[in-house]
Structure formats: C-alpha cells, structure tokens
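**Student:** Below: one structure in structure tokens.
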Amino acid sequence: MLNVFLTIDTEIWPRSEDLSPHVFRAEFDRDIHGWTPRGSFGLEFQMSLLNEFGLKGVFFVESLFAGVVGLGYLSEIVDTIQSRGHEVQLHLHTEWLDRMSGPPVKGRTSPFLKDFSPEDQSRLIGTALHNLEASGVRRLTAFRSGNYGADGNTMAALAQHGLLYDTSFDAAFADRSGGLCFDPPLLQPKKINGIWEIPITVFQDRPDRIRHLQLAACSFDEIRHVLLQAWKQGWGSVVIVSHSFELQKRSHTPGVPAQPDRIMIRRFWQLCEFLAAHREWFSTRTFNDLDPSAIQSLDHTTIIRSGCWRTVKRMSEQALRRCWS
C-alpha cells in the first residue's frame, strides 16, 4: 500500500499594502475561501470533494501572518479545517516579517528560512507554533518551510520544538532555495537531525529536468502515471502539493476578483476520483496517522520518468488554462 499525502499549503498573499479589516477580509476570502463571482473554490470546496470521495487532506497553514492581523483569521482557518475532519500542520513564510511592527527576529529578512541563524529559526518556528496552538490546533507534528527554504538547522529547530516530520525538500527547487541538498535527490523518507524528512515527490518530464508533483504544475495524466509507477516500484510514500487558492485564477490587481479555474477544478476532481477508485493500492494519510518508529528509509534513487507525450499534453493544457476564463 502506497501512502499518499495530499498536502495543501494554506496561505494568503495580500495584493495591497493596506491591511485594514475591510481590505484584508477581501484578500482573505479570495486566497483562503476561494471566493469568485461564480462561487467559492477554496478550503470548503476542496474539503467537500475530499470528503465526498472519503479521502484525507493535510493543510499546511501559514501562521506568521497572525502577527500582523491578529489570531482571529487564523482561528477561522483552523476551525474550518478541523471541523471537516482534516489535519492542520505548520507552514511558515518569513516574508510576513517585513509587515510586522514587532517581529520575533530583527535585522534580517529573506524568503528562505535557512538564511536565518539556528537561534532565529527556532524562535520563528516557536512563534508560528504558538500562533497555531493558540488558534485551537489539536496536534502538530509536521512542518513545511515557505519556498522550500529549510536546511539542517531547521531540522534541529523542529526537533527542539517536539515536531516529528518535515516535508520541505523539493528536488525541483533545491537550486533556488539552496537549503537541503541531496545527491542523488532524496525521493523517500530519511531521518535528519532527529526529524523524518518526507520529500515532495518529483519526476522527470524531459531529459535533464525534474518537476515537482504539484496540482497546478502537472496534468492529471502525469500525476496518475507517477502514482502508478511509485506503487509498482514499491515506494513508501508520495507527497502531492497544492494551495488553498489553486483552483482559481487570481488577478494581481487589487479590486479585480478571481475567477474559477475550470481545468484545475477538473484536475482536482479527477485526482480524488482516481485515488478513491484504487484504495487497494493507495491510502491517503495524515502525518498524525504515522508511527515514526515504523517508517523505513527506502533506498529509491531512480526518478520516475514521464513520457514526452504527457509533457506535450500538459503544456497544451496549461496554455488553455491561461486563455480560458
């Protein structure tokens, strides 16, 4: 049985410097609840589909933003997710430090957590944990760094705070984030500084290029192919990435509403239907389901390859997404 982690980074990216309640509420409803003039396609819609097919989702909730706008919005996210039976875990984007009047660390800004000192990393993780715990999260065991920017010091800081798992390593982004590096790329769980690293799944979509298994970055055919190949090859886990706002097309212009992304909505529905139809092969898991003592470091070093025809099909589909509203 292959463990499949459906992970959804739940975060908000305001388009305006104005964070007054009325303006921020509109940004929050767009990025978290997925509001569009044609319906909402955010957390509630995603969880409704997961529940319809009897699947589990892990929502990595960014919580530093509460240091700017207060805990009320964060509590709303936590309540929305936990009331529907899904799991909240920790996500952290250091970009929010620039908007704080009294940030937990001073004198450094970077989009990558690895650029902070070990002490500052521990302080940031502790602050983010406190925000989630104060918002009612039941149990926190896993972490994902914003922009996949973790390093070995991050693992040590997570262990200090009692966390068990990290899923920040993305081989497709390793050159950009410059944090965790593995040669050959890490494809299956590995223990680092007391923390189990459960890497985001990648595959080869063309010669000398790898792509991460993100809903918005892959066609359903590619995702299905990777899942089937991982099962056939005896992998232990596959980690799929998505975002709370990934089923809509967002404008970067303040005041312009988002629109539903029909191709993305269909892709998410296809993935849920496929996983539900093959429960004998795939089990959607949460991190709190895991027994850390039972995890095995499987030695898989060969990246799954996808045929060029799938790549061409995906590129055509993505081009259609850009022009189809």
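**Student:** Run Ser306 past the list (1) surrounded by fewer than 20 Cβ atoms within 10 Å (Cβ to Cβ); (2) modelled with pLDDT under 90; (3) under 26 Å from Arg176 (Cα atoms); (4) not acidic (Asp, Glu) and report the number of the one that doesn't hold.
**Tutor:** Checking Ser306 against (1) surrounded by fewer than 20 Cβ atoms within 10 Å (Cβ to Cβ); (2) modelled with pLDDT under 90; (3) under 26 Å from Arg176 (Cα atoms); (4) not acidic (Asp, Glu), the one that fails is (1).
**Student:** So, one more: Step by step: first the residues of the stretch 293-325, then only those that are hydroxyl-bearing (Ser, Thr, Tyr) and assigned to a helix (DSSP H, G or I), then the one that is nearest to Ile192 (Cα to Cα). Which residue is that?
**Tutor:** Out of the qualifying residues, it is Ser293.
**Student:** Residue under question is Gln229, and the condition is that it be closer than 25 Å to Asp289 by Cα, touching a residue at least 60 places away in the same chain (Cβ under 8 Å) and more than 20 Å from the chain's Cα centre (by Cα); does it hold?
**Tutor:** Details: closer than 25 Å to Asp289 by Cα: yes; touching a residue at least 60 places away in the same chain (Cβ under 8 Å): yes; more than 20 Å from the chain's Cα centre (by Cα): yes.
Against the criterion (closer than 25 Å to Asp289 by Cα, touching a residue at least 60 places away in the same chain (Cβ under 8 Å) and more than 20 Å from the chain's Cα centre (by Cα)), Gln229 qualifies.
**Student:** Could you tell me which residue of the stretch 143-157 is surrounded by the fewest Cβ atoms within 10 Å (Cβ to Cβ), considering only residues that are among the small types (Gly, Ala, Ser) and closer than 9 Å to Leu113 by Cα? Give the steps one after another, and end with the answer.
**Tutor:** At the first step, the residues of the stretch 143-157 found to be among the small types (Gly, Ala, Ser) are 145-146, 149-150, 152, 156-157.
If we keep only those that are closer than 9 Å to Leu113 by Cα too, we end up with 145-146, 149-150.
Values: Ser145: 31, Gly146: 22, Gly149: 24, Ala150: 30.
If we take residues in the stretch 143-157 being among the small types (Gly, Ala, Ser) and closer than 9 Å to Leu113 by Cα, then Gly146 is surrounded by the fewest Cβ atoms within 10 Å (Cβ to Cβ).
**Student:** List every residue pair whose Cβ atoms sit under 9 Å apart, with the two residues 6 or more apart in sequence or on different chains, where the first one lies in the stretch 270-282 and is polar (S, T, N, Q) and the second, anywhere, is surrounded by 16 or more Cβ atoms within 10 Å (Cβ to Cβ).
**Tutor:** Gln270/Phe220; Gln270/Ile223; Gln270/Arg224
**Student:** Which one of these is buried (at least 18 other Cβ atoms within 10 Å of the Cβ) and farther than 18 Å from Val226 by Cα: Leu275, Leu290, Leu271? Outline the logic, then answer.
**Tutor:** Details: Leu275 fails: farther than 18 Å from Val226 by Cα; Leu271 fails: farther than 18 Å from Val226 by Cα.
Sole residue among the options that is buried (at least 18 other Cβ atoms within 10 Å of the Cβ) and farther than 18 Å from Val226 by Cα: Leu290.
**Student:** Considering only the stretch 21-62, how many residues are under 25 Å from His130 (Cβ atoms) and either among the polar types (S, T, N, Q) or out of contact with any His (no Cβ under 8 Å at 6 or more places or on another chain) (or both)?
**Tutor:** Within the stretch 21-62, residues that are under 25 Å from His130 (Cβ atoms) and either among the polar types (S, T, N, Q) or out of contact with any His (no Cβ under 8 Å at 6 or more places or on another chain) (or both) number 8.
**Student:** Just one of Pro199, Pro184, Pro189 is out of contact with any Phe, Trp or Tyr (no Cβ under 9 Å at 6 or more places or on another chain) and at negative phi; which is it?
**Tutor:** Pro184
**Student:** Here's a follow-up. Give me the pairs: first residue in the stretch 49-78 and closer than 13 Å to Ile8 by Cα, second residue buried (at least 23 other Cβ atoms within 10 Å of the Cβ) and of a type in the set (Gly, Ala, Ser), beta-carbon distance under 7 Å, and six or more apart or on different chains, which are they?
**Tutor:** From the stretch 49-78, the pairs are Leu50/Gly57.
**Student:** Can you tell me which residue is surrounded by the fewest Cβ atoms within 10 Å (Cβ to Cβ) among those in the stretch 172-209 that are closer than 27 Å to Gln248 by Cβ and within 19 Å of the chain's Cα centre (by Cα)?
**Tutor:** So in the stretch 172-209, the residues closer than 27 Å to Gln248 by Cβ come out as 172-173, 176-177, 200-203, 205.
From what's left, within 19 Å of the chain's Cα centre (by Cα): 172-173, 176-177, 200-203.
Working: Ala172: 20, Phe173: 18, Arg176: 13, Ser177: 23, Ile200: 24, Thr201: 28, Val202: 24, Phe203: 23.
That would be Arg176.
**Student:** When residues of the stretch 271-291 are filtered for being within 18 Å of Glu222 (Cα to Cα) and assigned to a helix (DSSP H, G or I), how many remain?
**Tutor:** Residues meeting the conditions: 7.
To keep it simple, each residue is scored yes or no on (1) aromatic (Phe, Trp, Tyr); (2) modelled with pLDDT of 95 or more.
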{"site": "Ala157", "(1), (2)": "no, yes"}
{"site": "Tyr165", "(1), (2)": "yes, yes"}
{"site": "Gly178", "(1), (2)": "no, no"}
{"site": "Pro185", "(1), (2)": "no, no"}
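**Student:** Let me ask something else. Give the number of residues within the stretch 51-65 that are buried (at least 23 other Cβ atoms within 10 Å of the Cβ) and more than 12 Å from Val4 (Cβ to Cβ).
**Tutor:** Taking the stretch 51-65 and keeping what is buried (at least 23 other Cβ atoms within 10 Å of the Cβ), we get 57-65.
Now restrict to residues that are more than 12 Å from Val4 (Cβ to Cβ): 59-65.
Qualifying residue count for the region: 7.
**Student:** Enumerate the pairs (first residue in the stretch 298-323 and within 27 Å of Pro260 (Cβ to Cβ) and in contact (Cβ under 8 Å) with a residue 12 or more places away in the chain; second residue anywhere and surrounded by fewer than 16 Cβ atoms within 10 Å (Cβ to Cβ) and of a type outside the set (D, E, K, R)) with beta-carbon separation below 7 Å, excluding pairs fewer than 6 apart on the same chain, so at least 6 apart or on different chains.
**Tutor:** none
**Student:** (1) at pLDDT 95 or above; (2) in contact with a helix residue (DSSP H, G or I) (Cβ under 6 Å, 6 or more places away or on another chain); (3) not in a loop (DSSP other than H, G, I, E, B); (4) not hydroxyl-bearing (Ser, Thr, Tyr): which one isn't true of Ile263, the others all being true?
**Tutor:** Condition not satisfied by Ile263: (1).
**Student:** Can you tell me which of Leu158, Leu140 is under 24 Å from Gln214 (Cα atoms) and of a type outside the set (S, T, N, Q)? Write out each step before concluding.
**Tutor:** Values: Leu158 fails: under 24 Å from Gln214 (Cα atoms).
Going through Leu158, Leu140 in turn, just one is under 24 Å from Gln214 (Cα atoms) and of a type outside the set (S, T, N, Q): Leu140.
**Student:** When the stretch 171-202 is examined, which residues are found to be of a type in the set (D, E, K, R) and either closer than 25 Å to Arg139 by Cβ or touching a residue at least 60 places away in the same chain (Cβ under 8 Å) (or both)?
**Tutor:** Result: Lys190, Lys191, Glu197.
**Student:** Is the stretch 203-216 home to any residue that is free of Cβ contacts under 8 Å to residues at least 24 places away in the same chain and of a type in the set (Lys, Arg)?
**Tutor:** Yes.
**Student:** Between a first residue in the stretch 83-97 that is over 10 Å from Pro111 (Cα atoms) and at pLDDT 95 or above and a second residue that is assigned to a strand (DSSP E or B) and of a type in the set (Lys, Arg), which pairs have beta carbons less than 7 Å apart while being 6 or more apart in sequence or on different chains?
**Tutor:** If the second residue must be assigned to a strand (DSSP E or B) and of a type in the set (Lys, Arg), the pairs left are His91/Arg144.
The values are calculated or read from the model by the stated rules, or taken from the named source; none is laboratory data. Given the structure is predicted, the values throughout are model-derived calculations rather than measurements. FYI the Cβ positions are ideal-geometry reconstructions off the backbone, even for glycines, and counts take in every protein chain you see.
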